[in-house]
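S.K.: Here it is, the structure, as structure tokens.
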């Protein structure tokens, strides 16, 4: 007998993961988009006048070259 998933595959990646569960439960502050989505969201907030600044490369908390390399490996191909 096949186990029934309690949560739908919201990320459309073929499996139900923790990200699907958190997104489905509506956990506040959960960002399911990844590195580039977070950068784009921050740029939007800055353009809207939030007063935030982008971190300089190499500063504490800024994405490293390894983070960008890992994000490039997980890119979903466009249709």
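S.K.: Within the bounds of region 14-22, is there any residue that is part of a loop (DSSP other than H, G, I, E, B), surrounded by 12 or more Cβ atoms within 10 Å (Cβ to Cβ) and either modelled with pLDDT under 70 or in contact with a strand residue (DSSP E or B) (Cβ under 7 Å, 6 or more places away or on another chain) (or both)? Give the derivation first.
M.R.: The first filter runs over region 14-22 and keeps only residues part of a loop (DSSP other than H, G, I, E, B), leaving 14-17.
Going one step further and asking which of them are surrounded by 12 or more Cβ atoms within 10 Å (Cβ to Cβ), we end up with 16-17.
Restricting the remaining residues to those that are either modelled with pLDDT under 70 or in contact with a strand residue (DSSP E or B) (Cβ under 7 Å, 6 or more places away or on another chain) (or both) gives none.
No, there is no match, as no residue in region 14-22 is part of a loop (DSSP other than H, G, I, E, B), surrounded by 12 or more Cβ atoms within 10 Å (Cβ to Cβ) and either modelled with pLDDT under 70 or in contact with a strand residue (DSSP E or B) (Cβ under 7 Å, 6 or more places away or on another chain) (or both).
S.K.: Which members of region 53-79 meet the condition of being in contact with a helix residue (DSSP H, G or I) (Cβ under 8 Å, 6 or more places away or on another chain), at pLDDT 90 or above and surrounded by 10 or more Cβ atoms within 10 Å (Cβ to Cβ)?
M.R.: Listed by number, the residues that qualify are 54, 63.
The values are calculated or read from the model by the stated rules, or taken from the named source; none is laboratory data. Small disclaimer: the values here were computed from a predicted structure and weren't measured. Don't worry about glycine lacking a Cβ; one is built from the backbone with ideal geometry, like all the others, and counts go over all protein chains shown.
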